[in-house]
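The structure appears right after this line, and notes come after that.
The values are calculated or read from the model by the stated rules, or taken from the named source; none is laboratory data. If you're wondering where the values come from, they're calculated on a predicted model, not measured in any experiment. As a convention, Cβ positions derive from the backbone with ideal geometry for all residues, glycine included, and neighbour counts pool all protein chains shown. All accessible areas refer to the heavy atoms of the entire protein, side chains included, with ligands and DNA or RNA removed. Shrake-Rupley method; radii C 1.70, N 1.55, O 1.52, S 1.80 Å.
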Amino acid sequence: LDQHGLRITLPAFVPLIGPYGSGKSVFLRQLLTNLWRQYGWKFALTSFEERVKPTYQRDFRRHLISKPIERWTDDDVARADIEINQAMVFLRRPRGRTYNADELMRQILCSVRVHGCRVIAIDPVNEIEHQPDRGESKTDYMGRFIMNLKRVADDYGLLVIVAAHPAKAGV
(Lines give C-alpha, C1' and ligand atoms only; values in the text may rest on other atoms or scores of the structure.)
Protein backbone atom coordinates (compact mmCIF):
# COMPACT_ATOMS: atom_id res chain seq x y z
CA LEU A 1 0.00 0.00 0.00
CA ASP A 2 3.07 2.28 0.02
CA GLN A 3 2.25 3.50 -3.48
CA HIS A 4 -1.16 4.66 -2.20
CA GLY A 5 0.29 6.61 0.74
CA LEU A 6 -0.35 4.02 3.48
CA ARG A 7 2.78 2.77 5.21
CA ILE A 8 2.45 0.66 8.34
CA THR A 9 5.36 0.47 10.75
CA LEU A 10 5.49 -1.29 14.09
CA PRO A 11 4.32 -0.49 16.69
CA ALA A 12 1.06 0.99 15.47
CA PHE A 13 -2.61 1.33 16.37
CA VAL A 14 -4.92 1.56 13.35
CA PRO A 15 -8.67 2.20 13.64
CA LEU A 16 -10.81 0.93 10.77
CA ILE A 17 -14.20 2.62 10.94
CA GLY A 18 -17.23 2.41 8.68
CA PRO A 19 -20.90 1.47 8.60
CA TYR A 20 -22.14 -2.11 8.46
CA GLY A 21 -21.56 -3.65 5.04
CA SER A 22 -18.94 -1.12 3.92
CA GLY A 23 -16.19 -3.72 3.39
CA LYS A 24 -14.10 -3.29 6.57
CA SER A 25 -13.89 -7.00 7.31
CA VAL A 26 -13.07 -7.96 3.73
CA PHE A 27 -10.35 -5.29 3.56
CA LEU A 28 -9.00 -6.38 6.94
CA ARG A 29 -8.75 -10.06 5.93
CA GLN A 30 -6.98 -9.16 2.70
CA LEU A 31 -4.60 -6.88 4.59
CA LEU A 32 -3.83 -9.56 7.18
CA THR A 33 -3.15 -12.12 4.45
CA ASN A 34 -0.84 -9.70 2.63
CA LEU A 35 1.05 -8.76 5.83
CA TRP A 36 1.60 -12.46 6.47
CA ARG A 37 2.69 -13.19 2.91
CA GLN A 38 4.93 -10.14 2.53
CA TYR A 39 6.45 -9.81 6.01
CA GLY A 40 5.69 -13.09 7.80
CA TRP A 41 3.67 -11.25 10.47
CA LYS A 42 1.54 -13.86 12.22
CA PHE A 43 -1.80 -12.47 13.32
CA ALA A 44 -4.58 -12.97 15.82
CA LEU A 45 -8.11 -12.18 14.67
CA THR A 46 -11.26 -12.02 16.78
CA SER A 47 -14.13 -14.22 15.75
CA PHE A 48 -17.26 -12.57 17.15
CA GLU A 49 -19.62 -12.11 14.22
CA GLU A 50 -18.69 -15.05 12.03
CA ARG A 51 -17.63 -18.65 12.55
CA VAL A 52 -14.02 -19.63 11.94
CA LYS A 53 -15.25 -22.67 10.02
CA PRO A 54 -16.52 -22.34 7.38
CA THR A 55 -16.51 -18.54 6.92
CA TYR A 56 -12.97 -17.44 7.84
CA GLN A 57 -11.47 -20.67 6.56
CA ARG A 58 -13.13 -20.18 3.15
CA ASP A 59 -12.14 -16.49 2.95
CA PHE A 60 -8.52 -17.08 3.88
CA ARG A 61 -8.29 -20.06 1.54
CA ARG A 62 -9.57 -17.80 -1.24
CA HIS A 63 -6.94 -15.14 -0.46
CA LEU A 64 -4.12 -17.69 -0.20
CA ILE A 65 -5.02 -19.81 -3.23
CA SER A 66 -5.75 -16.80 -5.48
CA LYS A 67 -7.91 -18.54 -8.04
CA PRO A 68 -11.65 -19.23 -8.41
CA ILE A 69 -13.07 -21.80 -5.99
CA GLU A 70 -14.16 -24.08 -8.82
CA ARG A 71 -10.47 -24.39 -9.88
CA TRP A 72 -9.16 -25.34 -6.42
CA THR A 73 -7.48 -28.72 -6.15
CA ASP A 74 -7.20 -30.85 -3.03
CA ASP A 75 -3.49 -29.92 -2.94
CA ASP A 76 -4.37 -26.19 -3.09
CA VAL A 77 -6.70 -26.56 -0.12
CA ALA A 78 -4.20 -28.65 1.86
CA ARG A 79 -1.40 -26.10 1.29
CA ALA A 80 -3.72 -23.20 2.22
CA ASP A 81 -4.83 -24.95 5.41
CA ILE A 82 -1.21 -25.52 6.44
CA GLU A 83 -0.53 -21.83 5.86
CA ILE A 84 -3.65 -20.82 7.80
CA ASN A 85 -2.40 -22.85 10.77
CA GLN A 86 1.03 -21.19 10.54
CA ALA A 87 -0.20 -17.61 10.05
CA MET A 88 -3.31 -17.21 12.16
CA VAL A 89 -4.69 -17.47 15.67
CA PHE A 90 -8.39 -16.94 16.23
CA LEU A 91 -9.59 -15.23 19.41
CA ARG A 92 -13.04 -16.62 20.14
CA ARG A 93 -15.78 -15.83 22.60
CA PRO A 94 -16.88 -18.88 24.57
CA ARG A 95 -20.34 -20.10 23.52
CA GLY A 96 -23.19 -18.45 25.34
CA ARG A 97 -20.97 -15.93 27.11
CA THR A 98 -20.28 -12.28 26.66
CA TYR A 99 -16.71 -11.21 26.06
CA ASN A 100 -15.21 -8.31 27.98
CA ALA A 101 -12.07 -6.21 27.56
CA ASP A 102 -10.16 -8.08 30.29
CA GLU A 103 -10.76 -11.45 28.60
CA LEU A 104 -9.74 -9.96 25.26
CA MET A 105 -6.52 -8.57 26.74
CA ARG A 106 -5.65 -11.96 28.24
CA GLN A 107 -6.13 -13.62 24.87
CA ILE A 108 -4.12 -10.92 23.09
CA LEU A 109 -1.19 -11.36 25.47
CA CYS A 110 -1.35 -15.14 25.07
CA SER A 111 -1.39 -14.85 21.26
CA VAL A 112 1.71 -12.63 21.43
CA ARG A 113 3.69 -14.49 24.09
CA VAL A 114 2.76 -18.08 23.21
CA HIS A 115 1.99 -17.95 19.48
CA GLY A 116 4.31 -15.13 18.37
CA CYS A 117 1.63 -12.93 16.79
CA ARG A 118 2.79 -9.54 15.50
CA VAL A 119 -0.63 -8.28 14.40
CA ILE A 120 -3.82 -8.16 16.48
CA ALA A 121 -7.09 -7.53 14.63
CA ILE A 122 -10.28 -6.86 16.59
CA ASP A 123 -13.30 -7.08 14.29
CA PRO A 124 -15.50 -5.50 15.48
CA VAL A 125 -14.73 -3.84 18.78
CA ASN A 126 -18.50 -3.28 19.20
CA GLU A 127 -18.96 -6.98 20.03
CA ILE A 128 -16.93 -6.68 23.24
CA GLU A 129 -18.88 -6.04 26.43
CA HIS A 130 -17.39 -2.78 27.64
CA GLN A 131 -17.64 -2.14 31.37
CA PRO A 132 -16.83 1.45 32.39
CA ASP A 133 -15.80 1.95 35.99
CA ARG A 134 -18.40 3.40 38.32
CA GLY A 135 -18.84 7.09 37.51
CA GLU A 136 -16.74 6.81 34.31
CA SER A 137 -18.31 8.05 31.07
CA LYS A 138 -18.38 5.70 28.11
CA THR A 139 -16.17 8.16 26.21
CA ASP A 140 -13.55 8.15 28.99
CA TYR A 141 -13.76 4.37 29.23
CA MET A 142 -13.21 3.94 25.47
CA GLY A 143 -10.24 6.30 25.66
CA ARG A 144 -8.75 4.16 28.43
CA PHE A 145 -9.49 0.96 26.48
CA ILE A 146 -7.76 2.35 23.37
CA MET A 147 -4.78 3.54 25.42
CA ASN A 148 -4.41 0.01 26.86
CA LEU A 149 -4.36 -1.42 23.33
CA LYS A 150 -1.79 1.20 22.27
CA ARG A 151 0.34 0.37 25.32
CA VAL A 152 0.33 -3.33 24.41
CA ALA A 153 1.24 -2.42 20.81
CA ASP A 154 4.16 -0.31 22.06
CA ASP A 155 5.32 -2.82 24.70
CA TYR A 156 5.42 -5.74 22.24
CA GLY A 157 6.08 -3.95 18.93
CA LEU A 158 2.70 -4.90 17.47
CA LEU A 159 0.28 -3.68 14.87
CA VAL A 160 -3.17 -3.46 16.50
CA ILE A 161 -6.08 -2.94 14.10
CA VAL A 162 -9.51 -2.20 15.54
CA ALA A 163 -12.57 -2.29 13.29
CA ALA A 164 -15.66 -0.48 14.55
CA HIS A 165 -19.17 0.20 13.39
CA PRO A 166 -20.24 3.75 14.28
CA ALA A 167 -23.55 4.17 16.09
CA LYS A 168 -26.47 4.18 13.66
CA ALA A 169 -27.15 7.84 14.45
CA GLY A 170 -23.60 8.65 13.34
CA VAL A 171 -23.87 6.88 9.97
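Worth a mention:
- Unmet requirement for R58, which otherwise passes all of (1) under 30 Å from G143 (Cα atoms); (2) out of contact with any Leu (no Cβ under 9 Å at 6 or more places or on another chain): (1)
- Contacts under 8 angstrom Cβ, first residue in the range 95-109 being under 18 Å from D133 (Cβ atoms), partner part of a helix (DSSP H, G or I), 6 or more apart: A101/F145; A101/N148; M105/N148; M105/V152
- Residue within the range 21-28 that is over 16 Å from the mean Cα position of the chain (by Cα) and of a type outside the set (D, E) present: yes
- Counted residues, the range 28-53 - those being out of contact with any Lys or Arg (no Cβ under 7 Å at 6 or more places or on another chain) and more than 15 Å from A87 (Cα to Cα): 4
- Residue check, T73 loosely packed, with under 15 Cβ neighbours inside 10 Å, touching a strand residue (DSSP E or B) at 6+ places or on another chain (Cβ under 9 Å) and farther than 21 Å from V125 by Cα: no
- Residues of the range 80-134 satisfying the condition of being out of contact with any Lys or Arg (no Cβ under 8 Å at 6 or more places or on another chain), in a helix (DSSP H, G or I) and open to solvent by 50 Å² or more (accessible area, probe 1.4 Å): I82, N85, D102, R106, Q107, C110, R113, N126
- Condition met for V125 (out of contact with any Ser or Thr (no Cβ under 8 Å at 6 or more places or on another chain) and farther than 20 Å from Y141 by Cα): no
- Scanning the range 19-57 for residues being at pLDDT 90 or above and outside any helix (DSSP H, G or I) gives a total of 6.
- One residue stands out among those in the range 28-59 that are in contact with a strand residue (DSSP E or B) (Cβ under 7 Å, 6 or more places away or on another chain) and farther than 18 Å from V160 by Cβ: the one that is surrounded by the fewest Cβ atoms within 10 Å (Cβ to Cβ), which is V52.
- D140 being surrounded by 12 or more Cβ atoms within 10 Å (Cβ to Cβ) and either more than 29 Å from G157 (Cβ to Cβ) or without any contact (Cβ under 8 Å) to a residue 40 or more places away in the chain (or both): yes
- Cβ pairs under 6 Å, 6+ apart, first in the range 149-160 and modelled with pLDDT of 95 or more, second assigned to a helix (DSSP H, G or I) and among the small types (G, A, S): V160/A153
- The range 1-17, subset at pLDDT 90 or above and out of contact with any Leu (no Cβ under 8 Å at 6 or more places or on another chain), residue least open to solvent (accessible area, probe 1.4 Å): P15
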